[in-house]
Amino acid sequence: MPETSPAPAAIFFDLDDTLIDDYTAGSAGLRAVMERLGHPDFAAARRLWDVQTDISFSAYIAGRLTLAEQRRERVRALATQAGHAHVSDEHCDGLYEIYLAAHRSAWTAFQDSAPVLTELAANGIRLGVITNGIESMQRDKLAAVDLTHHFQAVVCADTAGAGKPDPRIFHIACHALGEDPRRCWHVGDQVRADALGAIAAGMHPLLLDRRGRHGAQQEVATIAGLGDLLRLAGIPASFGVDAGRR
C-alpha cells in the first residue's frame, strides 16, 4: 500500500457508501419497487440495478441524460427484467418516487462516521464533502443523520458544474476551504470517481473498502474503515477502530 502524504490541512469525503450506508438504503428502495413490479429475484435485481445505475448516472453526470431520464432508464431496466416490456415515462416516474420514499426512510450513517469526523475536527483538520449526488438530496441526507455540522464545505456535481472524476469539482472544493489540493486528502469508495479523480486533482486519495470489493491497489492507499484514517493522519482514536466497518 502506498505511503501516506504529510498530515492534511483538510480532508474531503464522498458521501454515499463512505459516510452514509447508501447500499442498504438503495436495497430498501429496490425492494419497494420490486414489490410493485412483481419481481421475484432480489439478487438479480440488485445486480441489474447497480450496473444500470452506473451507466445511467454516469451519462447524467456527463450531460448526456437529464436527471429524470437517467431515473427512468434505471426503472425501465428493472421493469423489463420483471417481464414488463412497455412502461411509460409517467409510470417510471411514479415507481421512482416509491423507490425514493423507501430509500429516504432507510438513511443511516455508518457507526464510525460521526466519531471520526469529531476526532479530525478536534485535531484542527478542516472537513468537506465532494459528491456526485444531487445537492438537495445530499444535504437532506447529511441533516437526517446529523452530520451537517461537521463540514465547512459541501460540493455537489449538479451545482458545481462538474462531477467526479473531473478534477474541477475537487479544485472547487479545495478553493471553498482556501486550501491547496496538495495539502488535502480525499476519502471515497470508488476507484475511478474518488481515488483516480483525487489523484488527477493533485490530492492524496484514500480508497475506503468497507466490504472488501476492491482488493489490493498499487497506486492508492486502501482503508477498511474510517478508524484507519485517524491512524494514517497520526491521530489516536478514542474509540474502537473497527467500529462501523460492517
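Numbers below:
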read-out: Looking only at region 82-97, and only at residues there that are buried (at least 16 other Cβ atoms within 10 Å of the Cβ) and in a helix (DSSP H, G or I), the one that is farthest from the chain's Cα centre (by Cα); value: His91
read-out: Check on Ala79, exposed (fewer than 15 other Cβ atoms within 10 Å of the Cβ), part of a helix (DSSP H, G or I) and not assigned by TED's automatic domain parsing to the domain that holds Asp140; value: no
read-out: Residue within region 60-74 that is outside the structural domain of Arg168 (by TED's automatic domain parsing), polar (S, T, N, Q) and not in a helix (DSSP H, G or I) present; value: yes
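The values are calculated or read from the model by the stated rules, or taken from the named source; none is laboratory data. Note that the structure is a prediction, hence the values are computed from the model and not measured. Here the Cβ is made from the backbone with ideal geometry for all residues, glycine too, and neighbour counts use every protein chain on show.
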